[in-house]
Amino acid sequence: QVQLVESGGGLVQAGGSLRLSCGASGRTFSSYAMGWFRQAPGKEREFVAGISSGGGRTYYTDSVKGRFTISRDNAKNTVYLQMNSLKPEDTAIYYCNAVPRYGSRLPESDYWGQGTQVTVSS
């Protein structure tokens, strides 16, 4: 089973930036499309961004388009989420997971890492 370790979260003022990282191990990372998800207090976990296995194609939920950028480095088994122009409503715990195929907004498995907390103050 793939092991996922998210990092890079923190406290930032509205308008600021953060770069999240997700290290994966245990399977052939480069064979899988990957996604970032987030869960805000009292809300269900939601899809944020996805990337193809090779990294050439990306897709986003509407609320982050133009502000967030997903990327990956298959040599390092790592997927990133660059978050710019952060808003208080981006406050959540952020997780990564594989997705079944490019374009999917659902996680491939029910296994989640510990996530990384992002807090945006107004």
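Computed over the chain with a Gaussian network model linking Cα atoms closer than 10 Å, the most mobile of Gly103, Gly16, Gly35 is Gly16. Note on the chain: with charges restricted to the Cβ of Lys and Arg (+1) and Asp and Glu (-1), its dipole about the Cα centre is near 260 debye. Considering only Pro107, Thr91, Ala75, the residue lying farthest towards the positive end of the dipole of region 54-122 is Ala75, judged by Cα position with unit charges set on Cβ.
Computing the accessible area with a 1.4 Å probe over protein heavy atoms, can you report the carbon and sulfur percentage for the chain?
Details: 2750 of 6060 Å².
Heavy-atom surface of the chain belonging to carbon and sulfur, 1.4 Å probe: 45 percent.
What does the accessible area per residue of region 1-75 come to in Å², with a 1.4 Å probe and no ligands, DNA or RNA counted? Before the final figure, lay out each step's value.
Values: 3790 Å² over 75 residues.
The answer is 51 Å² per residue.
Debye-formula intensities of the chain, expressed as log10 I(q)/I(0) at q = 0.14, 0.20, 0.23 Å⁻¹, are -0.51, -1.07, -1.41 (one equal scatterer per alpha-carbon, no solvent). Think of the chain as a dipole: +1 on every Lys or Arg Cβ, -1 on every Asp or Glu Cβ, centred on the Cα centre; then among Thr116, Thr58, Gly15, Thr58 lies furthest on the positive end.
The values are calculated or read from the model by the stated rules, or taken from the named source; none is laboratory data. Values in this document were obtained by computation on a predicted structure and should not be read as measured data. Using ideal geometry, Cβ is built from the backbone for each residue, glycine included, and neighbour counts are taken over all protein chains shown. These accessible areas exclude ligands, DNA and RNA; they are computed on the full protein's heavy atoms, side chains included. Shrake-Rupley method; radii C 1.70, N 1.55, O 1.52, S 1.80 Å.
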